[in-house]
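The values are calculated or read from the model by the stated rules, or taken from the named source; none is laboratory data. These figures come from a predicted structure and were not determined experimentally. Every residue, glycine among them, receives a Cβ derived from its backbone with ideal geometry; neighbour counts consider all protein chains shown.
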Amino acid sequence: MRSFYRPKIDLQGFWKFKIDSENVGEKNEWGKGLESEDIIYVPASWNEQNPQWDQFSSIAWYQKDLFVSSYESKKAWIVFEGAGYITKLWINGEYVGTHEGSFTQFKFPIKLNTNEFNKIVVKIDNTPSPYNLPPAKDLNIAAFDFFNYGGIQRPVYIEFVDECHVEDITVYTKSNGHLKVEILPECNQKYSLRFKLVDKEGKVLLDEESSNEIYEKDVGNVTPWSPDNPYLYTLIVEIYVDENLKDSIYERIGFRDVEVKNGRIYLNGKPIFLKGFGRHEDFPILGKFMYGAVLVRDFYLMRKIGANSFRTSHYPYSNEHLDLADEMGFLVILEPPLCYSNISRVMSQEEIAKMFSDIKYFEKVKHTIKEMIRQHKNRPSVIMYSVMNEPPSDMYEVAEFIKKEVKFLKTLDSSRPVTFASHRSVRDLALEYVDIISLNYYHGWYTEWGDIDSGVRTVAMELEEIHKKFPEKPIIITEFGADAIYGLHSDPPQMWSEEYQSEMIRKYIEALRKNNYIVGFHIWNFADFRTPQNPGRTILNRKGIFTRDRQPKSAAKVVEELFKNKLSS
Ligand SMILES: Cc1cc(=O)oc2cc(O[C@@H]3O[C@H](C(=O)O)[C@@H](O)[C@H](O)[C@H]3O)ccc12
């Protein structure tokens, strides 16, 4: 939800910074102000801004001093689009609140002093823990294969609103022009609402008043949203008291339907085939902040190659990231920060069973999923949810957790299909709980290494077995790929060479595309990205078909040919 109307102070820029390795800041009342000469830029992860902070994954403090002249009778809140892992806030020495989780937006109501400087002090605790989402033991022993960047990593700003305002809206659309909007107003006075729908050319299609918090309308002849024509409308909701405008918010919406039937995924009544990538938010020096220009380059590269889709592996991406998916017509599988690929490095089997049976852990997961859906539910690009990545779901306790999680998610949003990315193949006990089966395969890399043909045969056999068991469910290959060091060549193709990566991707797609129950291929990964240090990684995971600075490896041409000529749309 965005607004052209609410006054806003962007807190992007240089902040005071102080490392607190011993966690003494709270005891010494650093919330009242920091003594430090260190400077940091927001938004961006702290790690690569100074080599001394690179391997630092503990506690650090930020401070911004802000002169506020006046903000009349408005309410103020501070919005963090993403910071963490644990964020604590003080304003002028007063503790305000705490938030857990790095990848979802949150806000705190705040009181600012006028005609003087206000001290905004933030404590970030990015200490890895097995109970974090996602779990880790330390910087290099994590259940996930991406670097544990920390800090205020996404935009942060102060927004001013009237006491009477729109707190949230939920939008449902259909490709035939049906529109339903649920409003959550916060207002102690008698109010009225106004709904406006404006098309791309600026033509006002609707302008209606209503006192009802549910607004439903057949708009009529709309242009549906699709990857070929990602047509967006602007929906504006205004709230009035005695004819006086109190708040105005907007959403960019698309009219589209998603359905799973007859073993396929349908968008606006037509079967779709997903061609794309698992991605990461990762860029040199910025860490987990994706600068808008980098996103634009990424999306043009994906478009050039013929991709139409990606998964937000392995956490919900930033607002700007998904704004661009809406604007440029990419189909998104939205995933919460639940990634368990290497969980056995972090905890024992008994500990895993205990964690997944723990009601407190489930409550934490529910809370994060709620935040993720609230933030991204109105996006036309989001066509399905992946509830987690690579859980050890050959264990009964984990499969039961997934069953509960899927059920919970559907109570929040039943309009989109649900999946999870499995790497347990035929041994997975949770495939029955999802609408679409998603499988990650690395035969030819982690197993049958050096022998792509044998790897592909194994995958083909396992797929047949899974399809026989669930003949009605569409299957997406959500991960497959091989590391390639840019500039390393080998004839014949050998592991880590550009040729091996190209061959692996080509052979997987050529062999498996014949199975008509497969409805998508996502290559792992779009670009190289930073990982924890371990003997299997050379600072980066090199499975990108682009380098970390977005230059193409040989595989990029191969993928373009496959996506454009060998796979249907
Ligand atoms: C050691 C290992 C074996 C295996 O068969 O699969 C596998 C998968 C792993 O994680 C997933 O794959 C990507 C990768 O390894 O390149 C990760 O980057 C991704 O986040 C994971 O979904 C890790 C290790 C193994």
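Some values worked out for this structure:
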read-out	value
Residue tally, condition over 21 Å from residue 226 (Cβ atoms) and either among the aromatic types (Phe, Trp, Tyr) or more than 16 Å from the ligand (Cβ to nearest atom) (or both), over region 268-284	2
Among the residues listed as 60, 44, the single one being part of a loop (DSSP other than H, G, I, E, B) and in the same structural domain as residue 153 (by TED's automatic domain parsing)	44
Subset of region 191-244 (residues that are in contact (Cβ under 8 Å) with a residue 24 or more places away in the chain, among the hydroxyl-bearing types (Ser, Thr, Tyr) and either part of a loop (DSSP other than H, G, I, E, B) or farther than 23 Å from residue 323 by Cα (or both))	191, 192, 215, 223, 226, 231, 240
Residue count for region 534-549, restricted to those that are of a type in the set (Gly, Ala, Ser) and within 25 Å of residue 304 (Cα to Cα)	1
Among (1) among the hydrophobic types (A, V, I, L, M, F, W, C); (2) out of contact with any helix residue (DSSP H, G or I) (no Cβ under 8 Å at 6 or more places or on another chain); (3) surrounded by fewer than 19 Cβ atoms within 10 Å (Cβ to Cβ), the one test that residue 197 misses	(3)
Qualifying positions in region 121-157 - closer than 19 Å to residue 23 by Cα and either assigned by TED's automatic domain parsing to the domain that holds residue 289 or of a type in the set (A, V, I, L, M) (or both)	121, 122, 124, 139, 152
Count of residues meeting criterion [crowded, with 24+ Cβ neighbours inside 10 Å and either within 14 Å of the ligand (Cβ to nearest atom) or within 19 Å of residue 102 (Cα to Cα) (or both)] in region 373-385	1
Strands (runs of 3 or more DSSP E) contained entirely in region 72-180, each with at least 3 residues that are touching a Lys or Arg at 6+ places or on another chain (Cβ under 6 Å)	156-161
Residue list for region 485-539, filter: away from the ligand (no atom under 16 Å from the Cβ), of a type in the set (Gly, Ala, Ser), assigned to a loop (DSSP other than H, G, I, E, B) and under 17 Å from residue 446 (Cα atoms)	497
Only one of 34, 66 that is buried (at least 18 other Cβ atoms within 10 Å of the Cβ), of a type outside the set (Val, Ile, Thr) and either outside the structural domain of residue 539 (by TED's automatic domain parsing) or under 30 Å from residue 141 (Cα atoms) (or both)	34
Residue ranges of helices (runs of 4 or more DSSP H) in region 285-363 with at least 3 members in contact (Cβ under 8 Å) with a residue 40 or more places away in the chain and within 16 Å of the ligand (Cβ to nearest atom)	343-346
Some residue of region 219-238 being among the hydrophobic types (A, V, I, L, M, F, W, C), surrounded by fewer than 15 Cβ atoms within 10 Å (Cβ to Cβ) and at pLDDT 95 or above	no
Verdict on residue 448 being under 22 Å from residue 274 (Cβ atoms) and of a type in the set (Asp, Glu)	no
Matching entry among 274, 338, 295, 324 (being at pLDDT 95 or above, crowded, with 16+ Cβ neighbours inside 10 Å and over 22 Å from residue 375 (Cα atoms))	274
